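Student: This is the structure, below, for whatever I ask next.
The values are calculated or read from the model by the stated rules, or taken from the named source; none is laboratory data. Every value quoted in this text rests on a predicted model; they were computed, and no experiment measured them. Here Cβ is always computed from backbone atoms with ideal geometry, including for glycine, and neighbour counts include all displayed protein chains. For accessibility, only protein heavy atoms count, side chains too; no ligands or nucleic acids. Shrake-Rupley method; radii C 1.70, N 1.55, O 1.52, S 1.80 Å.
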Amino acid sequence: MIGIQTIAWATGATVVDNRQSARLWDKDEAFIVDKVGFRSLRRLAAGQSSQSLCREAFADLQKQTGLAVEECDCLVVVTQNPDARRTVPHTSAQLHGALKLLPSVAAFDISLGCSGYVYAISVMSTFMQANGLKKGLLFTADAYSPALQQEDEHTQLLFGDAVACTLLSDNPHYIVGKSCFATSGEAGHALWMHDDGHISMKGREIFNFCMRSVPMHLAECLKKNSLNPDEIDCLVLHQASRYIVEALGRKAGFPSEKVPFVLGDVGNCISSTIPITLEKIWRQNHKRILVSGFGAGLSWATTVLHRYGE
């Protein structure tokens, strides 16, 4: 079986005090701490990029596991916002060269945002199993700070820059259960990149979408996996904001202690929020984790992670 063996991550070196930034828009500290949830944000510093964070996360993964580049036979990058908006060659090919992987490595991109991690672990685990691959690197790499408008409070108080590197292998700690996927392309204007490369977000529409669609999706995924909520040890949601995570947990019927919000010093880092949250709770060794990502597209995806051997 192919599944998740371990996770490493890296963040931008610039630390933004979100409570101080909030004063620019007449927001008080309670709004930042209780609603937004991100007390500080990590942003790219001069000389950093998504690619450099990928290399840093991979170096940390190697320290954890002793993985040699010669062992890697698959590389996938989830991104919708590559460095300098450079899409040719594809991001995974650029990273393949930077990491000096073997020519025999399969490398491709997945163009998704906040739902991307759930899509990618499903796609990648089945792709590797079907083709006899044993060790694959999954990078989630969307640095939003270069695409934010300086005067836009809706995005400036939310988004941080971080990259996660997940090792999928035939020595897994968690395997991926049956997944559910959904898309509402007609609502895609709620989170949109304009022709000038800047992103805008309609916060109320995003919130309403989350409250309307995600709880039903969680229930659908549980049913598909023949599970009930009591059999889930932890619900890991995309860390969109503290308010959204806590409201979704309540609406889905999960006690607050099962719904972590742990990125208060990083920010909403798109497809990397789920793997970083998983790494932060890794030592709790949960038996079953329900995972759901939702956002740009609009797109949402949910799956169950089962501790291998249970």
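Student: Which entries in K35/K135; K178/K251; K27/K251; K135/K287; K202/K258; K35/K287 show an alpha-carbon gap greater than 32 Å?
Tutor: With Cα atoms farther than 32 Å apart: K35/K135.
Student: Shifting gears a bit: Note down the net charge around I32, summing +1 for each Lys or Arg and -1 for each Asp or Glu among other residues with Cβ under 9 Å from its Cβ.
Tutor: +1
Student: Now for a separate question. Taking only protein heavy atoms into account and a 1.4 Å probe, give the accessible area per residue of the chain in Å².
Tutor: Spelled out: the 1.4 Å probe surface of the chain, per residue, equals 42 Å².
Student: Related question: What 222 nm value per residue comes from the helices of the chain, counting each DSSP H run with n ≥ 4 as -39,500 (n - 2.57) and dividing by all residues, nearest 500 deg cm²/dmol?
Tutor: After summing the helix terms and dividing by the residues of the chain, the value is -8500 deg cm²/dmol.
Student: If you count, for each residue, the other Cβ atoms within 10 Å and average over each peptide, how do 87-93, 3-9, 176-182 line up from highest to lowest?
Tutor: The peptides rank, most packed first, as 3-9, 176-182, 87-93.
Student: Could you work out how far apart the two model spin labels at Q62 and W192 are, taking each label as a point 7 Å from the Cα in the direction of the beta carbon, and quote it in nm?
Tutor: 4.4 nm
Student: Quick one, which of (i) 1.33; (ii) 0.94; (iii) 1.07 is the actual Cα Rg over 2.2 N^0.38 Å calculated for this model?
Tutor: Computed from these coordinates, Cα Rg over 2.2 N^0.38 Å corresponds to label (ii).
Student: Cβ under 14 Å from L75's Cβ, L75 left aside: what net charge do those residues give with Lys, Arg +1 and Asp, Glu -1?
Tutor: 0
Student: To check my understanding: the extent here is largest minus smallest coordinate of the Cα atoms along each principal axis. What are those three numbers for segment 217-293, in Å, largest first?
Tutor: So the extents along the principal axes, rounded to whole Å, are 35, 26, 21.
Student: Can I ask one more? When the accessible area of the chain is computed with all protein chains present and a 1.4 Å probe, what percentage of it is carbon and sulfur?
Tutor: Within the chain, the accessible surface is 49 percent carbon and sulfur.
Student: Sticking with this structure for a sec: Within a Cβ distance under 10 Å of D161, other residues only, what is the Lys/Arg minus Asp/Glu net charge?
Tutor: +1
Student: For R86 and D34, compute 0.36 nm times the residue count separating them, minus their Cα-Cα distance, and round to one decimal in nm.
Tutor: Difference between extended and current length: 15.0 nm.
Student: If packing is taken as the average number of other Cβ atoms within 10 Å across a peptide's residues, how do 138-145, 109-116, 276-283, 27-34 rank, most packed first?
Tutor: In decreasing order of mean packing, 138-145, 109-116, 276-283, 27-34 become 138-145, 109-116, 276-283, 27-34.
Student: Between N131 and V15, how many nm apart are label points set 7 Å from Cα along the C-beta direction?
Tutor: According to this spin-label approximation, the distance is 4.2 nm.
Student: Ok, one more. For the ranges 71-79, 189-197, what's the packing order if you count other beta-carbon atoms within 10 Å of each residue, average per peptide, and put the highest first?
Tutor: Going by the mean number of other Cβ atoms within 10 Å, highest first, we get 71-79, 189-197.
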